[in-house]
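Take a look at the structure set out below.
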Amino acid sequence: MTREAIEAEIRRIFLQEFEIEDPAMDVDLREAYQFDSIDAIELLVEIERFLGSELTMEEKKRAMDIRTVRQICSYVEELVRARRPGESLPIGDLCKEGS
Amino acid sequence: MQRRVVITAASAITPIGHGREDILRSLREGVSGVKPLRQDDLLAPFIHSQVFGTVDYPIPFDFKRVNRKTMGPVSYYACQVAKEVLEASGLEQEFITSGRLGVAFGSTHGSPTVQREIYKVFHSRDRAGVSSIGAVDYLKSMVHTTAVNITKMFGITGRVIASSTACTTSSQSIGFGYEAVRYGMQDAMLCGGADEYDTTTVAVFDNLLACSTDFNDTPQRTPRPFDVRRDGLVVGEGAGAVLLEEYESARKRGATILAEVAGFACNNNGGDLILPNLVGIRETLRLALRDADMAPEEIDLISAHATATRMGDIIEAQAISAVYGDRPLVTALKSYMGHTMASCGVIETVLILYMMQEGFVAPTLNLEEVDERCAMIRHATSIVKTPVRAAAVQNFAFGGVNTGLVLRKEP
């Protein structure tokens, strides 16, 4: 699964579930879109659906510090890797934090 | 500190219409909002009573997702009437968020529609299903969901009172809101109640043999308060809200004053949780008059609770007779829309306000032959054009809770 595919899915979730169209990658979601703790929990449910598996409590707790869409994409990327250890992402798809 | 309290805005979503003009038209034309019970995938096929006070017209909810995400159907109703009341009031945004405005709003169950979905997960014994319980399901279904969704939507920071006493929920909301303003704890209170379509409520009353079953093929002919052929209540849905303000500040800001809340009383029968109690009800009516410092002769109109149950209507007629005699007109507004449960008190208050403004009294619908045991009071059996200077709204609930509100047209 490519970084672009993850990002596209996150954008789809934001549009369909949270009615936030084309969110900026690096803005604080709470400040920019009133994305609150309830939305964060709902997002985790959507990510579980996307991955087709439940998140562990540890994985969920790690998500609580996330503030931006880019961080969400990286978080999902890590989850994908953890579930499919043999699958590598193309170098070009790996956008680092803040890049 | 004792201040005077006035109503400066009102709105309702009812089975006979949404807003003043629709509702007045239905009252004048004798339109019933009772329809065949809508089917669901749960209880409807097993319920003997196949009638329901139905809101079957579209409502243009225009709420942002940030507000919608914590709302079940009952909160949609609640927030819509709250929005309409705040808009009609002309209150400044600065006041609304100042802490001087509070909310008193309730429902019978929170949102049974949402609760039903949660129960499905509980009973599925499916581990994967547990995580499908949404983060917001509790916020949508908790018993104070209507009150706090209103505070959230409008940024209201005053006190919150979330009555949940079944049929007296919203009359308590108005009464407790009135007391909060009267005694100086808030300068204004947004008060009301709501209940959504729900067959569990119908099933409960059906099992108690309290629901109407004889008119399943002619829904508009039931309920029949005080009539010899009454055979029980009809459950309904709806919402209503009123804005209460301290009189002097309302007058100074030029607000439209619909009426004064002159008095309120609430008591309990102190015993049986179901059977109507003449002593308890009679005492409530007297206490409300005493709180208003008014004599029975000053009341022109009584909005009876009158659910059309066999015993309830007789006990209520006896209580009215004991306190008021046969001078005031008595109308039973549930005859138009069924028993809208948590919202009945405020809806009936709103309808009384409309009639006060228009100078007429709508008759009790389906009252074709008065039961002789209820005949000692002055029933409105046809439209009466008359000034209504003061009115009493009374409601009684399971649990032995009784409420009485006294409204005066001119403060």
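The values are calculated or read from the model by the stated rules, or taken from the named source; none is laboratory data. Nothing here was measured: the structure is a model prediction, and the numbers come from that model. Positions of Cβ are backbone-derived with ideal geometry, glycine not excepted, and every protein chain shown enters the neighbour counts. Keep in mind that these areas ignore ligands, DNA and RNA; they rest on the heavy atoms of the full protein, side chains included. Shrake-Rupley method; radii C 1.70, N 1.55, O 1.52, S 1.80 Å.
List of remarks:
- Some residue of the stretch B:387-402 being outside any strand (DSSP E or B), open to solvent by 10 Å² or more (accessible area, probe 1.4 Å) and in contact with a Pro (Cβ under 8 Å, 6 or more places away or on another chain): no
Yes/no per residue for (1) of a type in the set (F, W, Y); (2) surrounded by fewer than 22 Cβ atoms within 10 Å (Cβ to Cβ); (3) touching a residue at least 60 places away in the same chain (Cβ under 8 Å):
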site	(1), (2), (3)
B:T157	no, yes, yes
B:V160	no, yes, no
B:S164	no, yes, yes
B:S173	no, no, yes
B:Q186	no, no, yes
B:M189	no, no, yes
B:T200	no, yes, yes
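- Residue check for B:V31: farther than 18 Å from B:C191 by Cβ and of a type in the set (V, I, T): yes
- Applying the set (1) of a type in the set (S, T, N, Q); (2) open to solvent by 40 Å² or more (accessible area, probe 1.4 Å); (3) more than 24 Å from B:Y354 (Cα to Cα) to B:S212 leaves exactly one unmet item: (2).
- Here A:M25 clears all of (1) closer than 24 Å to B:D137 by Cα; (2) away from chain B (no Cβ under 14 Å); (3) outside any helix (DSSP H, G or I); (4) touching a residue at least 24 places away in the same chain (Cβ under 8 Å) except the condition numbered (1).
- Pairs where the first residue, in the stretch A:37-55, is closer than 14 Å to A:Y75 by Cβ and more than 8 Å from chain B (Cβ to nearest Cβ) and the second is assigned to a helix (DSSP H, G or I) and at pLDDT below 90, C-beta under 8 Å, 6+ apart: A:L51/A:R83
- Test: residue in the stretch A:30-39 that is under 22 Å from B:T70 (Cα atoms), hydrophobic (A, V, I, L, M, F, W, C), surrounded by 15 or more Cβ atoms within 10 Å (Cβ to Cβ) and touching a helix residue (DSSP H, G or I) at 6+ places or on another chain (Cβ under 6 Å): yes
- Residues satisfying the criterion are present in the stretch B:364-380 (criterion: within 20 Å of B:A210 (Cβ to Cβ), open to solvent by less than 60 Å² (accessible area, probe 1.4 Å) and of a type in the set (V, I, T)).
- Residues of the stretch B:47-72 classified as open to solvent by less than 70 Å² (accessible area, probe 1.4 Å) and either among the small types (G, A, S) or away from chain A (no Cβ under 14 Å) (or both), total: 11
- With respect to the conditions (1) open to solvent by less than 10 Å² (accessible area, probe 1.4 Å); (2) within 26 Å of B:Y77 (Cα to Cα), B:D313 falls short on a single one, namely (2).
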